[in-house]
Amino acid sequence: MDKNVLRAIAGVEIYPIISFVIFFLFFLGLLAYVFVVNRQHVHSMKNLPLFGGEDETSSTTFNSNLPC
Amino acid sequence: MEVEQKPLTTAPAAPPQVVPGFVKTVDTFFYDNKIVRDFGMATVFWGVAGMLIGVIIAFQLARPEVNMGTPYTTFGRVRPLHTNAVIFAFVGNGIFMGVYYSLQRLCKTRMYSDVLSKIHFWGWQLVILSALVSLPLGLTTSKEYAELEWPIDILITVIWVVFGWNMFGTIARRRERHLYVAIWFYIATLLTVAVLHIVNSMEVPVSFMKSYSAYAGVQDALVQWWYGHNAVAFFLTTPYLGLMYYFLPKAANRPVYSYRLSIIHFWSLIFIYIWAGPHHLLYTALPDWAQSLGVVFSIMLIAPSWGGMINGLLTLRGTWDKVREEPVLKFMVVAITAYGMATFEGPMLSLKNVNAIAHFTDWIVAHVHVGALGWNGFLTFAVLYWLWPRLYKTELYSKKLANTHFWLGTLGILFYALPMYWAGFTQGLMWKQFNNEGLLQYPNFLETVLQIVPMYYLRGIGGVLYLSGVLLMVFNLVKTAKSGQLLSNEKAQAAPLTPLYLTNNAADQHTDGYWHRWIERRPTQMAIWATVAIAIGGAIEMIPTFLVKSNVPTIASVKPYTALELEGRDIYIREGCSNCHTQMVRPFRSETERYGEYSKAGEFVYDRPFLWGSKRTGPDLHRVGQKYPHSWHYNHMMDPTSMSPGSIMPPYPWLLEDDIDYSHTADKIRVLRKFDTPYPAGFEDVAVADARKQADGIARELKKEEIEVKSDKEIVALIAYLQRLGTDIKVNPQQAAASAQSNAAEISH
């Protein structure tokens with residue numbers, strides 16, 4: 001049955017190949033980007049969640065003194 | 001030894017330099033904590049409900065009498081209630097709780113609209129309530145994790161749009177130029193779930209709460225598992241990864257290990273995930289190239305998934321002493337580890353040789369529960385334990401109880417998963433075992449079921465342990481809330497965004513050439529590119545199957561269902577039979593020996609929806625037609641143990657009592673003809689008469705077998721359907737042509 005299905009679609013082999021090419025090109029671009037991205041920018045981005053603009057200290061203190 | 005916590009954080013980068021003449025002030029505003037609390041309460045409430053239903057159905061498999069003898073409480077109807085409650089009610093509300101808390105803080109603004117927040121909250125609860133009512137009533141499409149009928153599908157769409165509107169509105173009003181990685185995951189979730197839901201819910205209504213899928217057979221299966229797999233990806237995974245990237249740094253008080261890795265994690269995950277759906281359909285009648293594509297991309301998924309896991313665990317480097325003491329971090333570590341295990345196991349299960357054993361067994365059930373109980377459950381609990389003291393401006397009532405919860409939950413996962421793995425291996429191997437004579441070692445399917453019943457008990461006990469831990473959490477959270485007061489509106493301050501034309505900061509002006517930084521600032525572009533990423537995968541996976549009609553080889557002898565068989569099929573759907581029975585004989589000798597000829601794509605061209613199923617608690621039914629006399633089915637539905645001693649299938653006595661509902665038969669024929677189902681013109685007008693005639697015939701044959709039954713009872717329609725299953729290809733072509741001719745002639749009169 002599989003052979004019949006494959007024959008029924010003209011050039012079906014191209015689909016997996018297209019998928020690989022698209023993904024790998026994209027992935028290579030992404031890798032290139034993360035290698036060259038500005039260090040300071042990365043530093044500020046990764047710290048974003050720790051400074052949420054709250055009016056209290058909950059986000060910057062480790063809550064380790066809670067009662068049992 | 002107590003180690004002093006040294007935050008590894010630094011203040012955010014200095015605000016951009018401002019050109020003279022632009023006066024910058026600091027805004028004071030308030031975060032909406034009440035909506036976060038409401039979603040939190042909802043996730044706890046529905047979590048308990050969904051898990052309780054899970055425990056009940058676990059014991060139903062071990063003891064059929066737990067089905068309680070009513071249509072509304074049988075496994076087939078309640079199992080979808082469990083999956084929907086856990087996925088959409090527990091995890092869904094958990095997502096919204098986390099998103100509403102973190103989005104406001106990451107964007108340094110209140111949610112865009114309190115009204116939209118409320119509509120979103122109550123609308124989502126209405127969706128859940130609709131499921132709670134409709135599923136036990138048997139109002140279902142039968143497509144896994146998309147069982148809800150068309151009016152509820154529309155409601156889901158509306159509420160999802162409200163969520164999106166509120167989210168993008170908030171992002172538009174942000175006081176932080178760049179979008180943190182968690183927000184990318186939220187955007188991808190929002191868009192992809194919308195696409196998945198709309199594409200998979202394409203159905204044509206027959207009546208209120210009854211519809212037929214716009215796709216048939218192989219296409220329906222492909223769309224369904226593209227949806228099903230990506231529902232796991234984009235409802236259970238990506239939003240929770242967003243939560244991980246926000247709440248883990250918060251709880252550990254240190255930034256994520258590698259922001260670069262998170263960029264790779266995000267793009268490769270959303271890009272690859274969407275392709276992997278066909279691995280749910282290996283060895284089925286799905287075209288081979290689509291199966292191979294699914295396998296390749298599933299294996300590739302290990303890389304981004306483990307990248308994410310490693311990123312999460314390494315965020316805790318240097319704070320492992322805190323993990324020993326802090327339940328929030330303990331829950332997070334187990335959650336991330338479970339994510340890593342499940343995302344390693346998933347690709348392994350997609351290998352064809354592993355899949356051949358694991359598919360349709362309890363192994364898959366174990367796999368999804370490692371994800372659900374470990375990853376989603378434990379991360380939700382971690383966020384709740386972290387949030388509640390902050391929302392109520394107090395301290396957690398009892399850290400000891402939280403620790404007890406952690407251990408009960410961990411033991412619960414082990415007690416759940418290990419017996420299910422054992423059951424899965426056992427059953428998968430027993431199905432395939434041949435003896436020295438070359439015959440099946442266990443030809444009676446029931447033998448393979450009875451072997452694993454003890455595992456079903458253990459799994460139930462695992463569920464009880466897990467649920468009891470959750471109940472401790474409920475107590476702990478209630479006491480915590482009572483000891484404090486909800487800070488509904490939390491005061492915050494942040495500088496407004498400097499308009500780009502007024503800043504001379506090179507990075508903000510995007511003059512340094514980094515395209516990703518450009519995209520990080522622009523939610524619309526981010527949304528478009530994320531959609532493009534998922535659309536490419538979805539399109540390449542499905543377009544060939546949609547466009548090429550000859551993709552599914554037609555079989556001349558395969559005919560549409562008769563009106564009575566159609567009604568019988570709808571009863572099969574209503575009772576949720578496909579939750580335990582597959583209709584897909586795979587091309588293995590062990591299966592063709594047991595069931596008969598393997599299933600062909602062309603046999604399902606009139607199946608709307610497809611009913612291939614995904615789990616064999618009972619045997620496959622695709623070739624059950626004409627295998628047993630009518631009386632066997634009659635007695636079996638009345639009391640399964642009368643035909644199969646020891647069977648764990650619940651009885652269905654109401655089918656013997658209830659009348660067939662013919663009120664929508666004509667509409668059903670009309671809808672199906674719209675999809676090119678070749679019913680003759682005018683058949684809808686005589687469909688009921690045709691059904692009654694066929695029913696009379698079955699009742700007469702039952703009478704010969706000494707069973708008196710009125711021909712208008714539901715059991716007759718179900719027997720008609722079951723006896724038809726898989727029989728079309730047994731008909732020889734000349735016979736088929738002759739019978740088609742006579743059918744057409746009969747129908748047209």
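Just to verify a result, which residue in the stretch B:595-612, among those that are of a type outside the set (Phe, Trp, Tyr), out of contact with any Asp or Glu (no Cβ under 8 Å at 6 or more places or on another chain) and away from chain A (no Cβ under 14 Å), is surrounded by the most Cβ atoms within 10 Å (Cβ to Cβ)? Among those residues, the one meeting the criterion is B:Leu611. Scanning the stretch B:32-46 for residues being of a type in the set (S, T, N, Q) and more than 11 Å from B:Leu486 (Cβ to Cβ) gives a total of 1.
Considering (1) surrounded by fewer than 24 Cβ atoms within 10 Å (Cβ to Cβ); (2) within 14 Å of another protein chain (Cβ to nearest Cβ), the lone condition that B:Ala382 does not fulfil carries the number (1). Being over 30 Å from A:Phe51 (Cα atoms) and within 14 Å of chain A (Cβ to nearest Cβ) holds for only one residue in B:Gly217, B:Gly228, and it is B:Gly217.
Please pick out the residue among B:Ala221, B:Ala182, B:Ala233 that is closer than 27 Å to B:Leu384 by Cβ and within 19 Å of the chain's Cα centre (by Cα). Full working, then the answer.
Numbers: B:Ala221 fails: closer than 27 Å to B:Leu384 by Cβ; B:Ala182 fails: within 19 Å of the chain's Cα centre (by Cα).
Only one candidate passes the filter, namely B:Ala233.
Within the stretch B:168-182, residues that are away from every other protein chain (no Cβ under 14 Å) have Cβ atoms under 6 Å from residues that are surrounded by 16 or more Cβ atoms within 10 Å (Cβ to Cβ) and outside any helix (DSSP H, G or I) in these pairs: B:Gly169/B:Tyr112, counting only partners at least 6 apart in sequence or on another chain. Has the stretch A:3-26 got any residue that is modelled with pLDDT of 85 or more, more than 7 Å from chain B (Cβ to nearest Cβ) and surrounded by 12 or more Cβ atoms within 10 Å (Cβ to Cβ)? No; the residues of the stretch A:3-26 include none that is modelled with pLDDT of 85 or more, more than 7 Å from chain B (Cβ to nearest Cβ) and surrounded by 12 or more Cβ atoms within 10 Å (Cβ to Cβ).
What about B:Met455, is it closer than 26 Å to B:Leu349 by Cα, in contact with a Lys or Arg (Cβ under 8 Å, 6 or more places away or on another chain), assigned to a helix (DSSP H, G or I) and of a type in the set (A, V, I, L, M)? Working first, answer last.
Working: closer than 26 Å to B:Leu349 by Cα: yes; in contact with a Lys or Arg (Cβ under 8 Å, 6 or more places away or on another chain): no; assigned to a helix (DSSP H, G or I): yes; of a type in the set (A, V, I, L, M): yes.
So B:Met455 does not fit the description; no.
Could you list, in sequence order, the residues of the stretch B:89-141 that are assigned to a helix (DSSP H, G or I), under 20 Å from the mean Cα position of the chain (by Cα) and hydroxyl-bearing (Ser, Thr, Tyr)? Answer for the stretch B:89-141, where residues must be assigned to a helix (DSSP H, G or I), under 20 Å from the mean Cα position of the chain (by Cα) and hydroxyl-bearing (Ser, Thr, Tyr): B:Ser130, B:Ser134.
Scan the stretch A:43-63 and give yes if some residue there is farther than 26 Å from B:Tyr246 by Cβ, among the aromatic types (Phe, Trp, Tyr) and either modelled with pLDDT of 65 or more or surrounded by 15 or more Cβ atoms within 10 Å (Cβ to Cβ) (or both), otherwise no.
At the first step, the residues of the stretch A:43-63 found to be farther than 26 Å from B:Tyr246 by Cβ are none.
Scanning the stretch A:43-63 turns up no residue that is farther than 26 Å from B:Tyr246 by Cβ, among the aromatic types (Phe, Trp, Tyr) and either modelled with pLDDT of 65 or more or surrounded by 15 or more Cβ atoms within 10 Å (Cβ to Cβ) (or both).
Might you let me know whether the stretch B:565-577 holds any residue that is open to solvent by 40 Å² or more (accessible area, probe 1.4 Å) and modelled with pLDDT under 95? The answer is no; no qualifying residue exists.
The values are calculated or read from the model by the stated rules, or taken from the named source; none is laboratory data. Only a predicted model underlies this, so the values are computations on that prediction, with no experimental measurement involved. Using ideal geometry, Cβ is built from the backbone for each residue, glycine included, and neighbour counts are taken over all protein chains shown. Accessible surface areas use protein heavy atoms only, side chains included; no ligands, DNA or RNA. Shrake-Rupley method; radii C 1.70, N 1.55, O 1.52, S 1.80 Å.
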